[in-house]
């Protein structure tokens, strides 16, 4: 959605509140007490009331705004900024745009939006021809590990392991300068280690068993041949990585560039939320101006699992 259109449709708090109410009705309001899906709106209380048991719930209840006291327009502006470009905005920049005095509530708001992006993408399974590999993202060293000698390579305390999976289809007679494969959806999941059992558990959950996988030759992938229709395990020369696993490494490179441009440092415990946003927008890269409406839709449908850990 373009800036002028956003200002036209959502000029004030009331317009945002009403649009969110309409979206909740469209998605369906479910009673948390009896499970009934039939409600009516009590305008005097600004609440939904169940037609069966009379249980009431607020407009924000069981949505991404659950428990929040921030204005509806704050949420709408944040959703607009996060979907207006293929890049992103830091919480500090969104705080500045909103003119809010405190950083913490805006930081939580943005992470809750990123959390439901991940929940939405969790509904989808990757299928067909699949690239799979691990990436290593630079993150802040946890406080309890700072006193330890800094390790080198993939085992460094400053590196966090991420499993990256991409739907990748061969292109017949690709044009000069184009990739040999086209990309569908991607997933990026933070993993604690590269053990085969860890990767197998995630792969079996997010990839259709009828898929054909291609990966580099590593012990982490030894069980794929028994889990999926086909698995090609290749010894890949670094200079050929763009031909064998092009989209996995494009996704890793683009995500790293985006994070480096936005943040002074990313904490390991929050990396998954940043990856959620990157994948959500990548998977909907052709949605254009509809992306705001899609995020609003899931905002009215999903309650975030994100819980802040800054206080206390």
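Each reported figure results from applying straightforward, stated rules to the coordinates on display, with no laboratory input. Please read all numbers here as calculations on a predicted model, not as lab measurements. All Cβ positions, even for glycine, are placed from backbone atoms using ideal geometry, and neighbour counts span all protein chains on display.
Which percent, nearest 5, of DSSP beta bridges in segment 129-284 are antiparallel?
Approximately 65 percent, going by the DSSP bridge assignments.
What number, rounded to the nearest 500 deg cm²/dmol, is the helix-based mean residue ellipticity at 222 nm of the chain, given -39500 (n - 2.57) per DSSP H run of at least four residues and division by all its residues?
Roughly -12000 deg cm²/dmol at 222 nm, from the helical runs in the chain.
Please state, as a whole number in µm²/s, the translational diffusion coefficient that the Stokes-Einstein equation yields for segment 150-222 at 25 °C and 0.890 mPa s, with Rh defined as the Kirkwood radius across alpha carbon pairs.
Stokes-Einstein gives a translational diffusion coefficient of 169 µm²/s.
Treating the Cα atoms of segment 204-312 as identical point scatterers in vacuum, please give the log10 of the normalised Debye intensity I(q)/I(0) at q = 0.13 Å⁻¹, two decimals.
Taking Cα atoms of segment 204-312 as identical point scatterers yields -0.78.
Give me the Kirkwood hydrodynamic radius of segment 129-284 in Å, from all C-alpha pairs, to one decimal place?
Averaging 1/r across every pair of different Cα atoms and inverting gives 16.5 Å.
Would you mind computing Rg(Cα) / (2.2 N^0.38 Å) for segment 1-97, counting N as its residues?
1.24
So for the chain, what are the equivalent ellipsoid semi-axes in whole Å, largest first, each being the square root of 5 times an eigenvalue of the Cα gyration tensor?
Semi-axes from the Cα gyration tensor: 38, 23, 20 Å.
Of 140, 170, how do they rank once you tally other Cβ atoms within 10 Å and put the fewest first?
170, 140
Let me know the whole percent of all Cα-Cα pairs from segment 45-99 that are separated by more than 19 Å.
Within segment 45-99, distances greater than 19 Å cover 44 percent of Cα pairs.
Arrange the following residues from fewest to most other Cβ atoms within 10 Å of their Cβ: 208, 133.
Ascending Cβ contact count within 10 Å gives the list 208, 133.
Over the chain, what relative contact order in percent results from Cα pairs under 8 Å that are six or more residues apart?
Relative contact order comes out at 23 percent.
For segment 251-312, I need the span (max minus min coordinate) of the C-alpha atoms along each principal axis, in Å, sorted largest to smallest.
Answer, in whole Å and largest first: 36, 31, 14 Å.
Can you say what percent of the DSSP beta bridges in the chain, counting only those with both residues inside, are antiparallel? Round to 5.
If we restrict to bridges inside the chain, about 70 percent are antiparallel.
Order by neighbour count: 164, 190, fewest other Cβ atoms within 10 Å first, most last.
Least crowded to most crowded, the residues run 190, 164.
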